[in-house]
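The values are calculated or read from the model by the stated rules, or taken from the named source; none is laboratory data. Here the structure is a predicted model, which means the values were calculated and not measured. In this analysis, Cβ positions are derived from the backbone assuming ideal geometry, glycine residues included, and neighbour counts consider all displayed protein chains.
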Ligand SMILES: [Zn+2]
């Protein structure tokens, strides 16, 4: 029987591993080279505006908004929980 105390045992919490935001999922699907290029751009906020990164990815057929890029950069997306 699942009592509240049973359900709140640490090993009952559903695993969040593998959960990532839209950008995280796009990154996972890129080639190693492209992934590194995008990550480098994400880490260089002075050179690469989020709007530009989103534009480049959309040009390759990925549905991504600059909002999603900004959120990922801030670490406010789901990826932050698994990083
Ligand atoms: Zn993310």
Residue in segment 61-72 that is more than 10 Å from the chain's Cα centre (by Cα), away from the ligand (no atom under 15 Å from the Cβ) and either surrounded by 12 or more Cβ atoms within 10 Å (Cβ to Cβ) or at pLDDT 95 or above (or both) present: yes
Conditions (1) in contact with a helix residue (DSSP H, G or I) (Cβ under 7 Å, 6 or more places away or on another chain); (2) surrounded by fewer than 14 Cβ atoms within 10 Å (Cβ to Cβ): number failed by residue 35: (2)
Hey, residue 52 modelled with pLDDT of 90 or more and either touching a strand residue (DSSP E or B) at 6+ places or on another chain (Cβ under 8 Å) or not in a helix (DSSP H, G or I) (or both) or not: no
Residue check for residue 41: within 16 Å of the ligand (Cβ to nearest atom), over 12 Å from the mean Cα position of the chain (by Cα), without any contact (Cβ under 8 Å) to a residue 60 or more places away in the chain and not in a loop (DSSP other than H, G, I, E, B): yes
